[in-house]
Amino acid sequence: MKLTVRQLRPLLLGLLLCTAPWAHADIYLCRDANGTLVSSDRLTQDCLTYGGKVIGSDGTVRRRILTMKEQAEQAQAKEAAQNLARQQRDQQREDRALLLRYPNEAALEAARVSDLNRPQSMIEDAEKQLATLQRQFKRLQIDAQFYPQGPLPLELRTKLDENKVLTKQQTALIQGQKAEIVRINHEYDALRTRMKPLWARASARQ
(Lines give C-alpha, C1' and ligand atoms only; values in the text may rest on other atoms or scores of the structure.)
Protein backbone atom coordinates (compact mmCIF):
# COMPACT_ATOMS: atom_id res chain seq x y z
CA MET A 1 0.00 0.00 0.00
CA LYS A 2 1.44 3.30 -1.04
CA LEU A 3 0.93 6.46 1.02
CA THR A 4 0.87 9.87 -0.46
CA VAL A 5 2.90 12.77 0.89
CA ARG A 6 -0.25 14.23 2.32
CA GLN A 7 -0.92 10.99 4.21
CA LEU A 8 2.69 10.70 5.44
CA ARG A 9 2.83 14.25 6.82
CA PRO A 10 0.91 13.56 10.09
CA LEU A 11 2.98 10.43 10.72
CA LEU A 12 6.25 12.28 10.21
CA LEU A 13 5.10 15.13 12.44
CA GLY A 14 4.20 12.69 15.22
CA LEU A 15 7.56 10.98 14.90
CA LEU A 16 9.38 14.30 15.17
CA LEU A 17 7.40 15.28 18.24
CA CYS A 18 8.32 12.03 19.91
CA THR A 19 12.02 12.14 19.09
CA ALA A 20 12.74 15.89 19.36
CA PRO A 21 13.09 16.05 23.19
CA TRP A 22 15.53 13.15 23.14
CA ALA A 23 17.48 14.62 20.27
CA HIS A 24 18.11 17.82 22.17
CA ALA A 25 18.27 16.47 25.76
CA ASP A 26 21.49 16.70 27.76
CA ILE A 27 23.14 13.53 28.98
CA TYR A 28 24.41 13.30 32.57
CA LEU A 29 27.59 11.23 32.60
CA CYS A 30 28.65 10.26 36.13
CA ARG A 31 30.31 7.44 38.03
CA ASP A 32 28.57 5.34 40.64
CA ALA A 33 29.89 3.97 43.93
CA ASN A 34 31.73 1.19 42.06
CA GLY A 35 33.46 3.63 39.73
CA THR A 36 31.36 2.58 36.76
CA LEU A 37 30.56 5.32 34.26
CA VAL A 38 26.78 5.70 34.06
CA SER A 39 24.75 7.93 31.75
CA SER A 40 21.33 9.32 32.58
CA ASP A 41 18.87 11.85 31.25
CA ARG A 42 18.59 13.48 34.69
CA LEU A 43 20.75 14.54 37.61
CA THR A 44 21.24 11.60 39.97
CA GLN A 45 22.49 11.28 43.53
CA ASP A 46 25.62 9.58 42.21
CA CYS A 47 26.41 12.72 40.23
CA LEU A 48 26.19 14.82 43.39
CA THR A 49 28.25 12.30 45.34
CA TYR A 50 30.97 11.40 42.85
CA GLY A 51 30.75 14.22 40.30
CA GLY A 52 30.46 14.06 36.55
CA LYS A 53 29.68 16.17 33.53
CA VAL A 54 26.80 17.19 31.30
CA ILE A 55 27.12 16.25 27.63
CA GLY A 56 25.13 18.21 25.07
CA SER A 57 23.37 16.75 22.06
CA ASP A 58 26.33 17.78 19.92
CA GLY A 59 28.71 15.74 22.08
CA THR A 60 30.41 18.70 23.75
CA VAL A 61 30.81 19.06 27.50
CA ARG A 62 28.40 21.75 28.67
CA ARG A 63 29.50 21.86 32.30
CA ARG A 64 31.01 19.89 35.13
CA ILE A 65 28.85 18.50 37.89
CA LEU A 66 30.43 19.33 41.21
CA THR A 67 30.16 16.99 44.14
CA MET A 68 28.52 18.30 47.30
CA LYS A 69 31.99 18.63 48.84
CA GLU A 70 33.22 20.63 45.85
CA GLN A 71 30.11 22.80 45.99
CA ALA A 72 30.78 23.50 49.68
CA GLU A 73 34.42 24.34 48.93
CA GLN A 74 33.33 26.61 46.08
CA ALA A 75 30.84 28.35 48.38
CA GLN A 76 33.55 28.84 51.01
CA ALA A 77 35.94 30.26 48.42
CA LYS A 78 33.23 32.63 47.20
CA GLU A 79 32.49 33.74 50.75
CA ALA A 80 36.20 34.29 51.43
CA ALA A 81 36.49 36.40 48.27
CA GLN A 82 33.45 38.44 49.30
CA ASN A 83 34.89 38.97 52.78
CA LEU A 84 38.21 40.07 51.29
CA ALA A 85 36.45 42.52 48.96
CA ARG A 86 34.44 43.89 51.89
CA GLN A 87 37.60 44.30 53.97
CA GLN A 88 39.27 46.14 51.11
CA ARG A 89 36.28 48.49 50.78
CA ASP A 90 36.33 49.10 54.54
CA GLN A 91 40.07 49.77 54.36
CA GLN A 92 39.57 52.29 51.57
CA ARG A 93 36.85 54.11 53.54
CA GLU A 94 39.08 54.17 56.61
CA ASP A 95 42.00 55.49 54.56
CA ARG A 96 39.85 58.32 53.20
CA ALA A 97 38.69 59.19 56.72
CA LEU A 98 42.29 59.22 57.97
CA LEU A 99 43.36 61.52 55.14
CA LEU A 100 40.59 63.93 56.05
CA ARG A 101 41.67 63.88 59.69
CA TYR A 102 45.43 63.94 59.03
CA PRO A 103 45.99 65.58 55.63
CA ASN A 104 49.73 65.83 56.31
CA GLU A 105 52.40 64.90 58.85
CA ALA A 106 52.13 68.24 60.63
CA ALA A 107 48.45 67.58 61.38
CA LEU A 108 49.27 64.13 62.75
CA GLU A 109 52.04 65.45 65.01
CA ALA A 110 49.74 68.20 66.28
CA ALA A 111 47.23 65.50 67.24
CA ARG A 112 50.00 63.55 68.99
CA VAL A 113 50.95 66.59 71.07
CA SER A 114 47.30 67.15 71.98
CA ASP A 115 46.84 63.54 73.14
CA LEU A 116 50.07 63.66 75.15
CA ASN A 117 49.02 66.79 77.05
CA ARG A 118 46.72 64.96 79.46
CA PRO A 119 49.13 62.26 80.75
CA GLN A 120 51.98 64.78 80.91
CA SER A 121 49.80 67.16 82.91
CA MET A 122 48.79 64.35 85.28
CA ILE A 123 52.43 63.43 85.79
CA GLU A 124 53.32 67.03 86.61
CA ASP A 125 50.48 67.27 89.15
CA ALA A 126 51.47 63.94 90.73
CA GLU A 127 55.10 65.00 90.99
CA LYS A 128 54.01 68.17 92.80
CA GLN A 129 51.94 66.05 95.18
CA LEU A 130 54.93 63.78 95.77
CA ALA A 131 57.14 66.74 96.59
CA THR A 132 54.55 67.96 99.12
CA LEU A 133 54.28 64.47 100.64
CA GLN A 134 58.06 64.21 100.94
CA ARG A 135 58.25 67.53 102.80
CA GLN A 136 55.42 66.38 105.05
CA PHE A 137 57.18 63.08 105.70
CA LYS A 138 60.35 64.87 106.79
CA ARG A 139 58.37 66.96 109.29
CA LEU A 140 56.66 63.84 110.62
CA GLN A 141 60.03 62.12 111.04
CA ILE A 142 61.26 65.07 113.08
CA ASP A 143 58.20 64.78 115.31
CA ALA A 144 58.78 61.03 115.66
CA GLN A 145 62.29 61.64 117.03
CA PHE A 146 60.72 62.88 120.26
CA TYR A 147 59.56 59.31 120.95
CA PRO A 148 62.74 57.22 120.62
CA GLN A 149 61.68 54.60 123.18
CA GLY A 150 57.94 54.60 123.37
CA PRO A 151 55.15 54.11 120.83
CA LEU A 152 54.22 57.03 118.62
CA PRO A 153 51.04 58.93 119.38
CA LEU A 154 48.00 57.73 117.43
CA GLU A 155 47.67 60.98 115.48
CA LEU A 156 51.32 60.86 114.41
CA ARG A 157 51.10 57.20 113.40
CA THR A 158 47.96 57.96 111.39
CA LYS A 159 49.64 60.81 109.54
CA LEU A 160 52.67 58.64 108.73
CA ASP A 161 50.44 55.84 107.43
CA GLU A 162 48.42 58.27 105.31
CA ASN A 163 51.61 59.76 103.91
CA LYS A 164 52.85 56.31 102.96
CA VAL A 165 49.58 55.38 101.21
CA LEU A 166 49.34 58.67 99.32
CA THR A 167 52.98 58.47 98.25
CA LYS A 168 52.39 54.97 96.88
CA GLN A 169 49.28 56.14 95.01
CA GLN A 170 51.02 59.09 93.38
CA THR A 171 54.01 56.95 92.42
CA ALA A 172 51.71 54.39 90.77
CA LEU A 173 49.85 57.19 88.97
CA ILE A 174 53.11 58.52 87.54
CA GLN A 175 54.15 55.06 86.36
CA GLY A 176 50.75 54.49 84.76
CA GLN A 177 50.80 57.80 82.89
CA LYS A 178 54.34 57.20 81.69
CA ALA A 179 53.14 53.89 80.26
CA GLU A 180 50.24 55.78 78.64
CA ILE A 181 52.71 58.15 76.99
CA VAL A 182 54.62 55.17 75.58
CA ARG A 183 51.36 53.69 74.25
CA ILE A 184 50.28 56.96 72.62
CA ASN A 185 53.66 57.44 70.95
CA HIS A 186 53.64 53.85 69.73
CA GLU A 187 50.18 54.28 68.19
CA TYR A 188 51.13 57.53 66.47
CA ASP A 189 54.39 56.05 65.19
CA ALA A 190 52.44 53.16 63.65
CA LEU A 191 49.86 55.59 62.27
CA ARG A 192 52.57 57.75 60.71
CA THR A 193 54.02 54.66 59.00
CA ARG A 194 50.57 53.84 57.62
CA MET A 195 49.89 57.41 56.53
CA LYS A 196 53.11 57.98 54.59
CA PRO A 197 52.04 56.04 51.45
CA LEU A 198 48.57 57.64 51.68
CA TRP A 199 50.11 61.11 51.79
CA ALA A 200 52.37 60.19 48.86
CA ARG A 201 49.45 59.00 46.71
CA ALA A 202 47.36 62.04 47.63
CA SER A 203 50.26 64.34 46.72
CA ALA A 204 50.78 62.56 43.39
CA ARG A 205 47.12 63.10 42.45
CA GLN A 206 47.33 66.84 43.06
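The values are calculated or read from the model by the stated rules, or taken from the named source; none is laboratory data. What you are looking at is a predicted structure, and each value in this text was computed from that prediction instead of being measured. Methodologically, a virtual Cβ is constructed for each residue, glycine included, from the backbone with ideal geometry; neighbour enumeration extends over all protein chains shown.
Against the test of being of a type in the set (D, E, K, R), out of contact with any Lys or Arg (no Cβ under 8 Å at 6 or more places or on another chain) and exposed (fewer than 11 other Cβ atoms within 10 Å of the Cβ), the options Arg89, Arg157 yield a single qualifying residue, Arg89. Please verify whether Arg96 is of a type in the set (Lys, Arg), more than 21 Å from the chain's Cα centre (by Cα), over 24 Å from Asn185 (Cβ atoms) and exposed (fewer than 13 other Cβ atoms within 10 Å of the Cβ), treating the condition exactly as stated. The answer is no for Arg96. Contact map, the stretch 32-46: residues that are assigned to a loop (DSSP other than H, G, I, E, B) paired with residues that are exposed (fewer than 11 other Cβ atoms within 10 Å of the Cβ), Cβ distance under 9 Å, separation 6+ or inter-chain. Pairs shown: Asp41/Trp22.
Residues in the stretch 80-93: is at least one under 44 Å from the mean Cα position of the chain (by Cα) and either in the same structural domain as Leu173 (by TED's automatic domain parsing) or more than 30 Å from Ala202 (Cβ to Cβ) (or both)? Yes: the stretch 80-93 contains one or more residues that are under 44 Å from the mean Cα position of the chain (by Cα) and either in the same structural domain as Leu173 (by TED's automatic domain parsing) or more than 30 Å from Ala202 (Cβ to Cβ) (or both).
Considering Ala131, Ala202, Ala172, the condition of being surrounded by 11 or more Cβ atoms within 10 Å (Cβ to Cβ) and in contact (Cβ under 8 Å) with a residue 24 or more places away in the chain is satisfied by Ala202 alone. Can we say Asp26 is more than 30 Å from Asp189 (Cβ to Cβ), surrounded by 11 or more Cβ atoms within 10 Å (Cβ to Cβ) and at pLDDT below 90? Yes, satisfied. Taking residues in the stretch 150-165 that are more than 18 Å from Gln134 (Cβ to Cβ), and partners anywhere that are of a type outside the set (Val, Ile, Thr), the pairs with Cβ atoms closer than 6 Å and at least 6 places apart or on different chains are Leu152/Ala144. Residue check: is Ala106 part of a helix (DSSP H, G or I) and either among the small types (Gly, Ala, Ser) or surrounded by 14 or more Cβ atoms within 10 Å (Cβ to Cβ) (or both)? Yes. Scan the stretch 86-131 for residues that are among the small types (Gly, Ala, Ser) and under 15 Å from Met195 (Cα atoms) and the total you get is 5.
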